[in-house]
Every structure is written in structure tokens, then in C-alpha cells.
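The values are calculated or read from the model by the stated rules, or taken from the named source; none is laboratory data. Keep in mind it's a predicted model, so treat the numbers as computed, not measured. In this analysis, Cβ positions are derived from the backbone assuming ideal geometry, glycine residues included, and neighbour counts consider all displayed protein chains.
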Amino acid sequence: MTRALLLVLLLLPSFALAQETAPNKTPNKTPNKTEDPPPKRKGSIKGKVMSDDGQPLESANINLNAAKYSGMGDWRQAQTDDEGNFVLDGLASGLYHLSASTSAYVEAERPLEQKFYRLGDVVTFTLVKGGVITGRVTNGLGEPVIAAPIRLERVSDLEGRKINSEWWYGQQRKTDDRGVYRVYGLPAGRYVVSVGGKAPYRHGSSTAYESDTPTFYPSASREGATEITVNIGEEVRGIDIRYRHEKGHSISGKVTGAPADNSLLSYSIQVELHRYPGNALEMSLYIQATDPTKSFEFITVPDGEYELIANVYAGENKDSYQSNRRRVTVKGGNVTNVELRLSPLSSIEAKLEWEATPEKERKAECQTTRPLNAEETMFWLVKDDPKPANPLSVDAVLRHDLPTEKGELKYQNLEAGVYRFSPRLLDEAWYIKSILAKDDAPKPKAQNPKLPPPPDLGKQGIALKAGEKRKDIVLTLANGAASVRGRVVAEKDQALPSRLRIHLVPAEKEAADDLLRYAEQKTKDGTFTFANLAPGKYWLLARRVPDDEADGKRVNLLAWDVTTRKTLRAEAEATNNAIELTPCQRVKEHKLTFGK
């Protein structure tokens, strides 16, 4: 690393402060590293909550969570005033996730991708009246079933597209003295309703119905449940259930593979039971690590297929463990002697390096409207697993981290596998130029031309073994990023599909396998935005999203698969929706024709 580059990296906060005082100019002087670091910037995020008819919603709850946990103050709550406005102030520089809620109202549509906000952002939430499901629960004699827990599971959207099943925890209700229940504030979709059984995460005291298997509307097992369609703001009545009072079976076994050094004695081992397929969490329990037997037992389990997994999360800078998933079938009897063997989880530590721009090229650097701030930059780490066995596993969600002031990233509790980086909310001037291991410098090859080039981790991904702790990853960022924003238009005034996936494909042959140059995103309204792009020639390609792919389902970039990548390139070249992006170019109104 050159001395100039080291100074840029170590003194990023000073660089940010200099830009903040003159946001439209790129400083030509590297800050003096002997100066004291500037105080962390404080600020606020403001916004408004309104109903779909434009009326302000008073006393709506605003929840704020920091994208990077750093201690007290990472979770905040506020309420809107009589005009529907809210202010969250005194926030440290960083990225935050916000959500809005109020009685009986829900978000009209969940975003395709979780959004994060910076200081100074103004956020508007539009909520709609939630749906209602109501009915009565009786036994075989027609008598009311009293104080029985009701659970709702949203299984698909209104078009019938399956989603990762959602238990509606916030609206768990019990029947009253007449056996009547009413659940409100529901997003539109298709639901199954059940009564009795044991909740995945029980809140409060136990009930008299936990020893029974759940009875699903109208009076069936899970396989025979009738789905109920709830439109926006609709009240669906008469969802009456005849309770069956059926006992289930048990699944029992033990957890093995705990370390012999007693490093986990102060932690609990969590065992989860998931339905298969569908992957909804059915039940969970905890085993004390001091328990010499490490045994577990799930009771009242209905017939069906399930997956079990055990894990121990020991916190930051400590080894955590997870078992492989074990699939079991319950059919008319108990399942015993299931072994869940723990293996250590892995971790990745990476370092960002901002490539120093040569003095003669300084004038070509991008001019940005916001100061460069590492704490407002996010990097996703994604497991390259196109068909995850269980999307509720620790690697089902996109892992993210925000770099420290020194440009350090850390990702813990990773399963063995191959991982890839993806930037989010990176400063618009920068793009990822390369991902290499620290020891893979080009110097040996310069001394011996016969040596093979260092492995390009941006192309092949970062391979992790169980328990491996990689600390050798370097992400090099270069100035000069381009961006393109546009809209898909239908050919010959035809209607666009309700959901599209937009692909950005590098057109140069030499970049065919450069996975850092590929990008894609889903859209419902036809708009798209790609940022932090390396300059070069690209093809844009619009494809329908398959009907069986849920909006919230995590899907790896299709280009990561070699065969699919070749298909994408062939389609993109055939349609030839090409665009040439020069350094720092901002294309704002690009039209992409679908069906061309």
C-alpha cells in the first residue's frame, strides 16, 4: 500500500469533513494525519405518516434501528404529531432502517428490498387499513372453546404467489367466552388460520391447548387447511373452526459436537423445528450448555415432514456453532434418536482500500453532493447458494456490515460455502475494482512471468471452510463510478408484466466472467436504478419474474451461475439494448424497451 493511499484510508473522517464544507469540490490535498479526528457528525431523520387517502396519521409509532450495532442508542422510537410528522434527532452518522405502524393500519406493499436511510433524509410512509379475519371456535358438541390461542399464517400474496410463510405474531389473539376471535391489521394476502398447539416462540403463560396439535380452518390438519383471501381493508367473517382435540407425536434426540474446552457453558443451545417444504418455524426450544445429556424433545408434532437445526450464537469475537439440517418424517408415531452435530461457524474480515487517483487525473474525479463517509456505506455479503435448503437459516438473509473509520468489515456466524460481496449505498463516486487476498500481490508475477495470476475473488467468490476465519480480504475501490436510471416501456403500447427483473450485462468479451460488472434488480413499476458501476459498455435486459418467485424471496444474481450467465449474455446481445458509460456519467432517463 502506498503512503498516499494509507493516509487516505486512515484519515477518511477528515476527508469527509473537508468535503462537507465544500461538497461540490474534490479536495486535492491529503489531510494531515497528525490532526485530531473531527467529532462524529450528528443529525436527524424526519418524515411523515399518512393514510392512503392523504390524511395524516397521529400517534403512529416510528421504529428506528441502526444498521450497525454499536451499543446504546441503536434503537429509537418516536410518535407522529397531529399533522403526522415525526423527527428522530441526535443520531450519529450511519445508516438506519425505519418502519411505521399504528393500530389497524399496515404498509400497502412491502418493498422488494429493505431500505436504509442517512442523516438528513426525509421519509414518507403511506399506510392502508389492514384486513380482518373473524370467526368462532367450538368443540364437537358445538360448545365454545374459550381462551384458545389463534394463529394466522400468511402463505401467499393476492396473486397466489407463495412467500416464505409469515406467522402473524403481532396479532395473536385468544377466543373470548363465546369462542369468538377477531384478528385485525392484516396485510392483503392469503392466510391459513389455526387454533391450539404450541407457538414457535411462546409469550406469556402456557395454555391448556399446548398439548394438542393445531386445528386448521375449517376443521383439519395443516395439509387440509382452507386458505382465506383477505383484500386491503376487507373484513372476512364466518371463519368458524371446529376444534379437534388431537394429540400429536414427538421428535427427540441430542446435540453433539460441543467443544471440549467448556467455552459455551454460559450459553444456551437453540434447537429449531421447521416445516418442510415451506420452511415456517413450527417450534423452538433451548438446552442449557451445562446439561450433560444435551437432549431435546418436541411434543405435539403433527404428521408431516420437518427439518431440525441446532445453533449456539456466542456473540461478537467468540466462536459460534451450528449443526447441519436434519430432515425427518413424522407419520403415525414418534421419531427418536435424532443427532444434531454442531460445527464451528466461520467468519470473514475484510479491508477497504480507496485507490489513489494520480495527480494528473484529479480533474476527472467525480464531483459528489454528499461528503464521503465510510459509516454511510454498506456492503452485503451473500452466500452463493441458489437453492438454500432452508431460507430461515442464518445465511438466508443478506448479511451486511458498515466499515469502521479504518475501512474494516467483519462478518461472523457464517456457514461453510462460497460468499460474494455486493455494495449498497456506496458513495456514488466509487465502485469495487477488485477483490483479492492480501498475499496475492502482483509482485511475484512481475519477477517471474511464468507464475499464474493471483486468484480473482471477485470472479470466483470467497470459499470458507467450517470454522475458518479469513482475515486476508481486500476490496479496492476506484473513483469514476457511473450510474444509470430509467424506465422499462412496452413495445407497441402493450402492457408490461406486473414484475420484471432488469439485468445489467457487460458487453465487452473480456468482461464476460467479471462478476463485479453484473447487476440486477426487481421492479414492479418498471423503474430501475443502477449505481456504483465501473465505466464501460453494457447491455440492459428486462425479463419477467417467474410467478412462483415471491417478492421477498432472496435470489442470487442469476449471472453467478455459469450456464445462466451465458444465456443472459446471448439474450442481451440479441436485444442489443446497449449503453456506453463513461467515468462519472449519470444517465437519468434511459428507456428500455421490453419485448424488443
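Conditions (1) surrounded by 15 or more Cβ atoms within 10 Å (Cβ to Cβ); (2) at pLDDT 90 or above, marked per residue:
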residue	(1), (2)
301	yes, yes
308	yes, yes
319	yes, no
326	yes, yes
329	no, yes
334	no, yes
338	yes, yes
350	yes, yes
359	no, no
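Here residue 453 passes the criteria (1) in a strand (DSSP E or B); (2) at pLDDT below 85; (3) surrounded by fewer than 14 Cβ atoms within 10 Å (Cβ to Cβ) except the one numbered (1).
Using the structure shown, decide if residue 260 is free of Cβ contacts under 8 Å to residues at least 12 places away in the same chain and either out of contact with any Pro (no Cβ under 6 Å at 6 or more places or on another chain) or of a type in the set (Lys, Arg) (or both). When the stated conditions are applied, residue 260 passes them. Taken over region 232-255, the criterion of being in a loop (DSSP other than H, G, I, E, B), within 31 Å of the chain's Cα centre (by Cα) and at pLDDT 95 or above is satisfied by 234 alone. For residue 566, the criteria (1) out of contact with any Gly (no Cβ under 9 Å at 6 or more places or on another chain); (2) within 26 Å of residue 595 (Cβ to Cβ); (3) surrounded by 14 or more Cβ atoms within 10 Å (Cβ to Cβ) hold in every case but one, which is (3). Would you point out which residue out of 529, 567 is β-branched (Val, Ile, Thr), outside any loop (DSSP other than H, G, I, E, B) and out of contact with any strand residue (DSSP E or B) (no Cβ under 8 Å at 6 or more places or on another chain)? From the options 529, 567, the qualifying one is 567. Taking residue 178 as the residue in question, decide whether it is surrounded by fewer than 19 Cβ atoms within 10 Å (Cβ to Cβ), in contact with a Pro (Cβ under 8 Å, 6 or more places away or on another chain), of a type in the set (D, E, K, R) and not in a strand (DSSP E or B). Yes: the conditions hold for residue 178. Quick check on region 196-206. Is at least one of its residues in a strand (DSSP E or B) and hydrophobic (A, V, I, L, M, F, W, C)? For region 196-206, residues in a strand (DSSP E or B) and hydrophobic (A, V, I, L, M, F, W, C): absent. Of the strands (runs of 3 or more DSSP E) that lie entirely inside region 272-358, those containing 2 or more residues that are of a type in the set (A, V, I, L, M, F, W, C) span 281-288, 295-301, 304-312, 326-330, 335-344, 346-354.
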